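The values are calculated or read from the model by the stated rules, or taken from the named source; none is laboratory data. What you see is a predicted model, and the numbers here were worked out from it, not measured in a lab. Cβ atoms come from the backbone with ideal geometry, glycine included; neighbour counts cover every protein chain shown.
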Ligand code: ADP
Ligand code: MG
């Protein structure tokens, strides 16, 4: 590989909105065979909205939203932003929460008016020993099958309600995945969300495989497993919870809305919102490598 041709490729990438950190990254993009795509914030816009708030066991939807918003106020997660926005739209007076902790891939917890408030998925409630009735569990499965994400709200060890949030696919998601497949690449959706939600979104965008219910800390292990099966893996993420996976991959691509940490762990930064920038980057790398040979 001549350094000059690679440098020309890097320059060409810049014009296309593909910031390639160096010749090595360009070379790696030409030989990958698998593209792993994060769901929230990468295939979807990550601009979530609350669809409906349910109160359970006699609790009002309003009190559920109030307490959830108190805790989520301290979190940066797209779900948290949606919950807080809804509470403010409804003009609710959100109480103060103390000692809020974000629990990556699970939810968040904090203390509101002397009671521990939990906001998150069933795995979090299992971990904290808060029972989730069968009827609620069925409702969660239904909303996941519709592609929505439901978060549970618990107060002082009791489930008090749930909140359904929706996210929308980027318009370019399915066309970009189709192009990657035409290029002979295997496409994989990787998410911390439940299986049914992952499968629904995966079918909509047409990926070859869905890997769901993966904690942020385990995402890089998934990448390493694919590599141990002989795959050369590109990981595309927005950096919220996937910086380690971006770093483990043969090639890490960060979409532009990503956080600084993702930018640091990525080899290529995609500054176009349009996901067609992913096949563009790989095609550019392949062309550059062919020119060199
Ligand atoms: P993804 O892998 O799709 O980017 P994350 O790893 O960020 O998703 O989150 C996985 C799951 O963890 C979410 O679907 C949600 O159930 C739960 N979760 C994470 N953070 C929060 C939060 N702040 N509030 C509620 N639920 C959360
Ligand atoms: Mg994400």
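Scanning region 11-21 for residues that are under 12 Å from residue 251 (Cα atoms) and free of Cβ contacts under 8 Å to residues at least 60 places away in the same chain yields nothing.
With the condition kept exactly as written, say whether any residue in region 32-54 is touching a residue at least 60 places away in the same chain (Cβ under 8 Å), away from ligand 2 (no atom under 16 Å from the Cβ), assigned to a helix (DSSP H, G or I) and surrounded by fewer than 23 Cβ atoms within 10 Å (Cβ to Cβ). Scanning region 32-54, I find no residue that is touching a residue at least 60 places away in the same chain (Cβ under 8 Å), away from ligand 2 (no atom under 16 Å from the Cβ), assigned to a helix (DSSP H, G or I) and surrounded by fewer than 23 Cβ atoms within 10 Å (Cβ to Cβ), so the answer is no. The strands (runs of 3 or more DSSP E) found wholly in region 82-124 and carrying at least 1 residues that are surrounded by fewer than 19 Cβ atoms within 10 Å (Cβ to Cβ) and either modelled with pLDDT under 95 or within 16 Å of ligand 2 (Cβ to nearest atom) (or both) occupy 97-103. Exactly one residue out of 233, 214 is over 23 Å from residue 19 (Cα atoms) and in contact with a helix residue (DSSP H, G or I) (Cβ under 8 Å, 6 or more places away or on another chain), and it is 214. Quick check on region 58-78. Is at least one of its residues away from ligand 2 (no atom under 16 Å from the Cβ), in the same structural domain as residue 161 (by TED's automatic domain parsing) and within 19 Å of residue 194 (Cα to Cα)? Taking every residue of region 58-78 in turn, none turns out to be away from ligand 2 (no atom under 16 Å from the Cβ), in the same structural domain as residue 161 (by TED's automatic domain parsing) and within 19 Å of residue 194 (Cα to Cα). Residues of region 125-147 that are crowded, with 20+ Cβ neighbours inside 10 Å and in a loop (DSSP other than H, G, I, E, B): 147 alone.
Read through the list (1) within 26 Å of the chain's Cα centre (by Cα); (2) more than 10 Å from ligand 1 (Cβ to nearest atom); (3) assigned to a strand (DSSP E or B), then give the number of the only condition that residue 70 fails. Condition (3) is where residue 70 drops out.
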